[in-house]
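Okay, so here's the structure we're looking at.
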Amino acid sequence: MTHVSRAQLTVASGMTPEQYIQSLVGGGIVISNVTFNGNANQIGTFNGANSNVGFNAGVVMAAGPINGLLGAPNNADTGQPGSGISDNDLLAVAQSVNGGIFSTDDAAILEFDFVPSSNEAAFNFVFSSDEYLTYVNTNFNDVFAFFVSGPGITGPYSSPAAFPNGSANVALVPGTNTPITISTIHPGANGQFYINNTGNSFTHNGFTVPIPVELEVECGETYHFKFAIADCTDDYLNTAVFLEGGSFVSDAVDVSVATVSGDSTIVEGCTDANFYFTRPEGDVDDTLIINYEIGGEAVEGTDYNFLTDTIIFLPGEDSVTVNLSPVQDGLDEGFESVTISVELVNVCGDTIISSGIIYIGDGPILNITESDDTVLCANDSVPLGASASGGYAPYTYSWTDMDGNPIGTGDTIYQAISENGSIDVLVTATDFCNFSGVDTVTLTQNQTLEIDTIYIGPATCEPDGYVSAIVVGETTTPEHGVYYSWLNQSGMDGPAASVWTDLPAGWYYISVEDAVCTVEDSAFVELLDPPIAALTATPEQGCSPLSVTFDYSESQNADAYELSFGNGNSQSSNSIEQMNQMYDGSPGSYNVQLVVSQGINCADSTQLQIIIDICGCTDPNALNFNLNATADDGSCVYPEPIISAPNVFTPDNDQENVNELFELTTENLSELQLIIFNRWGNIVFNETSVDPDNNNPAWNGKIDNSGKEAEDGVYFYKYIGVGVENQSSDAATPTVEGHGFLHLVRK
């Protein structure tokens, strides 16, 4: 069986020994003569509701400080400092498991007398140790025991004088007479009772499942208990025993309350409560019917659900649960109580009353404690915090600006402000029951350091500009003054001073730091009468060779001019003049640049393009087509269409297959139409071709290609021819028309 621990344990010391014992006692037990021997920090209460130690609450004893239990299993519980007390009874128990143990140390011993109200007494415990599993079956085998003495009990261990028959150890492995240690309960022995602490419940490496102790006693007689625990052989690594609160009972039906929050309060519309009825573990074989009374300020059926007034324990059943669910009525009623009481007469003839109480509360009003803050520098992020109370933990927090836009979650956020003044943000706290409250947090900026004014002196082509910063509101200390730093637009550093002189035109950036803040600004130094380049070309495009005249007379404020023509040639001058350049090279674009300057520090430039063409006929249909030409100069010459026709044809299908078709002979045509008429003017053939060279219209001597042969005789023909298209101009494509007679002769 595998057990896993989760969540966290909490512990607390500071109660009296009597208070510790009273927190363990349930129904049917009366205690007296309580003593404790050991350090005060070796005993205390624990809250196990958020762990799986097995109990919600109770008393814990350890062979060292109980606060060593807090933390994760990978944190060692050293068990120091301890009491330094030894105990012979514990040594005898330890030696019964491992004979190599010769000493005990740092003992904690809680003793008391008790009187049971029946013939049975019982309680529950859990044993844990940080010695698991490294020191199993070694002489570092810490020990604990529950020594009981009284009527009907004899044993080998010591007991007070009033109990002459000695005492017996009842902290045994269930179903055996073997004392419980890390060597008797672990994965290799009695592993069904072992839990490996792989979570973050508390520091000990392992612990047992809850184990019951059941005693046969005599009703009304006095017994003595000695709860004891100690280190063995050394005083390092702690061992503890957890005793379940309210579990020490004797033949009474116990009533306890469980809520989500772990206390005795529930909330309308949020949480429920359970009343747990528990009967003695030794009395579970028969059916038990219990009537209980319901009381308190809250009204059944109005403030909470109706409850049955009878509890039936079936055979084998030791507990019954009754659920109480509060009604959300929206009324402000404060806290109202509900009590459940069970009254029984035990075998001693005593009347035993056991009861549980719960309080029903209205929805809370959440209180939010917030912290306004002040920032001294723009855009500094500072923590804003809020803490809620008055509701039901845990709480969640959400933050928005005043327009409702989300800006963060959690009890602390970081917020900045960009300028002097104040901004408000809203924090909403929501508790476990989904009740919420809203508060305002104010963030104020009070930055005193600022760059009040920047003076700028313009520059000429001599670097004679300047920038000067005036700072106000600075804060200084003996260790920290006011520091200036400059950068130009190229990222180069300037002087560590408020003024920078002898500057060319451009952007300059300043940063000023005092003992509190850093501020930044920028300035632009303008250029007075800068050189301006202007350039025109005549013409900008033409056929090679092309002579181009360049004019830069519109340029201003310059004393030197350099013109690069884009063909590898350049020309310089110190005065305004025209420059000429002959372009007789390859066709294309030539990038021409003019650079004008004023002294050595100022220059300006401009560019234009000269387009050079190879001019000629670009139409592949022309007789003088120039493959290298890039621009058509209108010089294309086109061939004239030529058409000739025979005057006789003999479609007689003779063996020579000669002169079987009437067709025209053509040159330089893009389209040809041939029409044949008989002597009465009727069309016997009409065909047009847009590819006369490969598909020349031809008459085979039949009428309309119907298969009927035309008669011998004279026929009239007409043709229309279209010449080659002129692609280089909008000139009309030449056409040629003609007609004539032909003789059809069949042999």
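Nothing in this text is a laboratory measurement; each read-out follows from the coordinates by a stated rule. Computed from a predicted structure; not experimentally measured. All Cβ positions, even for glycine, are placed from backbone atoms using ideal geometry, and neighbour counts span all protein chains on display.
Taken over region 450-525, the percentage of Cα pairs per 10 Å bin, counting from 0 up to the bin with the maximum distance, is 20, 51, 23, 6, 0. Between helix 88-97 and the chain there is an angle of about 60 degrees, using the helix long axis and the longest principal axis of the Cα atoms.
Counted over the chain, the DSSP beta bridges are approximately 95% antiparallel.
Size check on region 69-128: the Cα extents along the three principal axes, sorted descending, read 44, 32, 22 Å. Where only DSSP H runs of four or more residues are counted, the chain gives -500 deg cm²/dmol as its mean residue ellipticity at 222 nm, each run worth -39500 (n - 2.57). What whole-number distance in Å separates the alpha-carbon centres of region 424-484 and region 15-72? Using only Cα atoms to place each centre, the spacing works out to 57 Å.
For LYS702, the residues whose amide H sits under 5 Å from its own are ALA710, ignoring neighbours fewer than 5 places away on the same chain, with H placed 1.01 Å from N. Annotation: Cα Rg of region 122-168 relative to the compact-globule expectation 2.2 N^0.38 Å equals 1.57. Taking every Cα-Cα distance in region 400-480 and sorting them into 10 Å bins starting at zero, the pair-distance distribution P(r) comes out as 13, 27, 19, 18, 13, 7, 3, 1 percent.
Averaging over every viewing direction, what projected area does the convex hull of the Cα atoms of the chain cover, in nm²?
On the way: hull surface 309.8 nm².
It is 77.5 nm².
Over region 367-445, the alpha carbon radius of gyration divided by the compact-protein estimate 2.2 N^0.38 Å works out to 1.10. Close Lys pairs in the chain, defined as Cα atoms under 23 Å apart and 8 or more places apart or on different chains, number 4. In this calculation the C-beta distance from SER586 to GLU554 is compared with R0 = 41 Å, giving a FRET efficiency of 0.85.
Rounded to whole Å, give me the distance from the Cα center of region 535-578 to that of region 73-89. If we compute the Cα centre of each part, the gap is 101 Å. Rounded to the nearest angstrom and listed largest first, the equivalent-ellipsoid semi-axes of region 536-613 from its Cα gyration tensor are 24, 11, 10. Pairs of C-alpha atoms in region 595-747 farther apart than 20 Å represent 63 percent of all such pairs. Applying the Karplus relation 6.51 cos²θ - 1.76 cosθ + 1.60 with θ = phi - 60° to region 224-238 yields 3J(HN,Hα) values of 10, 10, 10, 8, 9, 8, 7, 6, 10, 6, 10, 10, 10, 6, 8 Hz, where x marks Gly and Pro.
On a C-alpha basis, how far is the centre of region 601-644 from the centre of region 684-727 in Å? Whole number, if you could? What the calculation gives is 40 Å, centre to centre.
The alpha-carbon atoms of region 662-747, seen along their principal axes, cover 50, 23, 20 angstrom, with the largest extent given first. In region 10-244, the alpha-carbon atoms span a convex hull of 108 Å³ per residue. Backbone geometry of region 551-556 corresponds, through the Karplus equation with coefficients 6.51, -1.76 and 1.60 at θ = phi - 60°, to 3J(HN,Hα) couplings of 10, 10, 5, 7, 5, 10 Hz, x marking Gly and Pro.
Across the options VAL499, THR538, ILE470, the greatest Cα extent toward the positive end of the charge dipole of region 413-561 (unit charges at beta carbon of Lys, Arg, Asp, Glu) belongs to THR538.
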